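**Q** Have a look at the structure that comes next, please.
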Amino acid sequence: MNKHQRAKIKATILTQIESLTEETQSPESAAQTKLRLERLGTALKRIAADNYGECFKCGNPIQMSQLLTFPETMLCIGCLNNPRTQT
Ligand SMILES: [Zn+2]
């Protein structure tokens, strides 16, 4: 992942955090929002690491489109679709 891609994902995370913070939440979804905010906060820290964007399980690069939708994701599509696969 290059510097430009990192910057793009970082901007995406910040935008998502901002919109989640601004949204008026029902008590039911507030807990979920809090969880998502925590995950995005973690992703923001992880993005500085060299292995950000690599699948936690198989080590393959995670698709850019997936990272831009869910920056906190730690698994590639293949591993998400095959949760029982062990490496
Ligand atoms: Zn994987």
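The values are calculated or read from the model by the stated rules, or taken from the named source; none is laboratory data. The structure presented is a predicted model; accordingly, all values stated were derived computationally and were not measured. Neighbour counts are summed over all protein chains in view; Cβ atoms, including those assigned to glycine, are modelled from backbone coordinates with ideal geometry. With ligands, DNA and RNA removed, areas are computed over all heavy atoms of the protein, side chains included. Shrake-Rupley method; radii C 1.70, N 1.55, O 1.52, S 1.80 Å.
**Q** Looking only at the range 57-82, filter to residues that are open to solvent by 90 Å² or more (accessible area, probe 1.4 Å) and either more than 15 Å from Met1 (Cα to Cα) or out of contact with any Cys (no Cβ under 8 Å at 6 or more places or on another chain) (or both); which one of those is farthest from the ligand (Cβ to nearest atom)?
**A** Phe70
**Q** Which residues, taken from the range 76-87, are in contact with a helix residue (DSSP H, G or I) (Cβ under 9 Å, 6 or more places away or on another chain) and part of a loop (DSSP other than H, G, I, E, B)?
**A** Those that are in contact with a helix residue (DSSP H, G or I) (Cβ under 9 Å, 6 or more places away or on another chain) and part of a loop (DSSP other than H, G, I, E, B): Cys76, Thr85, Thr87.
**Q** Take the residues in the range 23-56 that are of a type in the set (S, T, N, Q), open to solvent by less than 100 Å² (accessible area, probe 1.4 Å) and more than 16 Å from the ligand (Cβ to nearest atom); name whichever of them is farthest from His4 (Cα to Cα).
**A** Filtering first and then ranking leaves Ser26.
**Q** Do we have Leu20 as within 27 Å of Arg84 (Cβ to Cβ), modelled with pLDDT under 95 and out of contact with any Gly (no Cβ under 6 Å at 6 or more places or on another chain) here?
**A** no
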